[in-house]
Amino acid sequence: MKILAIMGTPRKRGNTYKVTRKVEENMKQLCNVEFEYLFLKDVDLKMCSGCFNCVSKDKELCPLKDDKAKIENKMMEADGIIFATPVYCENVSGLMKNFIDRFAYVFHRPQFFDQKAMILATSAGGGLKDTLDYLKKLQIWGFGTPIELSVIMPPWPRSDALQKKNKKSIVKASEEFYRKLHEERQPPNFMQYMHFKFIKETSKLGYLPADLEFYKDKDEYFYDTKISLSKKIFAPIIMKFAFFIMKDIGPKEN
Ligand SMILES: Cc1cc2nc3c(=O)[nH]c(=O)nc-3n(C[C@H](O)[C@H](O)[C@H](O)COP(=O)(O)O)c2cc1C
């Protein structure tokens, strides 16, 4: 099993790295697993220039020439991906945010269905919920429900109780990630299914040609799976409601 740890911290031996290494140690006790650390600070990943080409037309039309495609290939080859970031001013680090921006098109056209995700954040105590809530949105990329790990690592001495609590959460999350990695592809959770329905429906308006092409032969979902009756019933109702609310701000029909 291959795990790619995408490191949003600029500190190579900092707290976020230490916690991720603990996850590695724990997982290595459970199975044969290989870890690769990709420090965003060391790769050539330029700032998104906001042209929107990747979302509307084709990711190949991104004008930035750098390591993005190489990073994407590494992600595709991994069985599991850890998105690890320190909390900076209540949310993910700038490095992590730019990384996510550069993959904006994956929110429209998910592709990581064979990978499982862990989202990991460290902080001095604040911002962990907002940070993990934000990273949780990456489930849309295809991963499904991620394993969550938040660890309080203040830049001052930690009490024994905190260290014990941290150790327990790291062990628990590592075990959950191990189990997740051995799961078959799952049916989508409600958020993933709603997202599918919403982007498929809006793609028909034709404003985003890449989406139109991508969704035209996808009827029920991105892959063959069983969609529960409750999702089939409630998703269209919620969508109708969302379209109603958005009627003044959404795109005009062609
Ligand atoms: C620029 C900056 C902003 C930070 N913002 C927060 C914050 O909003 N809330 C918090 O609890 N800790 C904050 N911290 C503390 C770090 O999140 C925490 O020490 C983290 O574990 C550092 O991880 P690292 O060693 O991998 O960089 C901040 C640290 C820095 C350097």
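The values are calculated or read from the model by the stated rules, or taken from the named source; none is laboratory data. All values derive from a computational prediction rather than experimental measurement. Don't worry about glycine lacking a Cβ; one is built from the backbone with ideal geometry, like all the others, and counts go over all protein chains shown. The protein model used for the area step is the full one, side chains on, heavy atoms only, and it has no ligands, DNA or RNA in it. Shrake-Rupley method; radii C 1.70, N 1.55, O 1.52, S 1.80 Å.
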Exercise for the section: Return one number: the angle in degrees, 0 to 90 and rounded to the nearest 10, between the long axis of the Cα atoms of helix 15-30 and the longest principal axis of the Cα atoms of the chain. Expected result: 90 degrees
Problem - Highest to lowest packing among 232-242, 113-123, scored as the average C-beta count within 10 Å - result: 113-123, 232-242
Problem - Scattering curve values for the chain, log₁₀ I(q)/I(0), Debye with Cα scatterers, q = 0.08, 0.10, 0.17 Å⁻¹ - result: -0.35, -0.54, -1.36
Practice task
Quick one: angle between helix 68-77 and the longest Cα principal axis of the chain, in degrees between 0 and 90, rounded to 10, please.
Solution key: 80 degrees
Exercise for the section: Multiply the residue separation of Ala242 and Arg21 by 0.36 nm, subtract the distance between their alpha-carbon atoms, and state the gained length in nm to one decimal. Expected result: 75.3 nm
Problem - Of all accessible heavy-atom area on segment 2-181, the percent that carbon and sulfur account for (1.4 Å) - result: 52 percent
Problem - Sites excluded, GluC sites (Glu not before Pro) in DSSP loops with at most 16 other C-beta within 10 Å, longest stretch of the chain - result: 91-182
Practice task
On the full set of protein chains, 1.4 Å probe, figure out the accessible area of Thr225 and give it in Å² to the nearest 10.
Solution key: 50 Å²
Exercise for the section: Take the Cα pairs of segment 184-239, get the Kirkwood Rh, then feed it into Stokes-Einstein at 37 °C and 0.692 mPa s and tell me D in µm²/s. Expected result: 277 µm²/s
Exercise for the section: Note down the relative contact order for segment 190-245 as a percent, whole number, built from C-alpha pairs under 8 angstrom at least six residues apart. Expected result: 42 percent
Fill in the blank from the handout: the chain accessible area per residue, 1.4 Å probe, protein heavy atoms, integer Å², reads 54 Å²
Problem - Rel. contact order, % - alpha carbon contacts under 8 angstrom, at least six apart, the chain - result: 19 percent
Problem - Equivalent ellipsoid semi-axes, segment 19-140, via Cα gyration tensor eigenvalues times 5, rooted, Å - result: 25, 18, 14
Practice task
Report the calculated FRET efficiency for Glu60 and Asp219 (r = Cβ-Cβ distance, R0 = 25 Å), to the nearest 0.05.
Solution key: 0.40
Practice task
Find how many whole Å separate the alpha carbon centroid of segment 160-220 from the alpha carbon centroid of segment 1-77.
Solution key: 17 Å
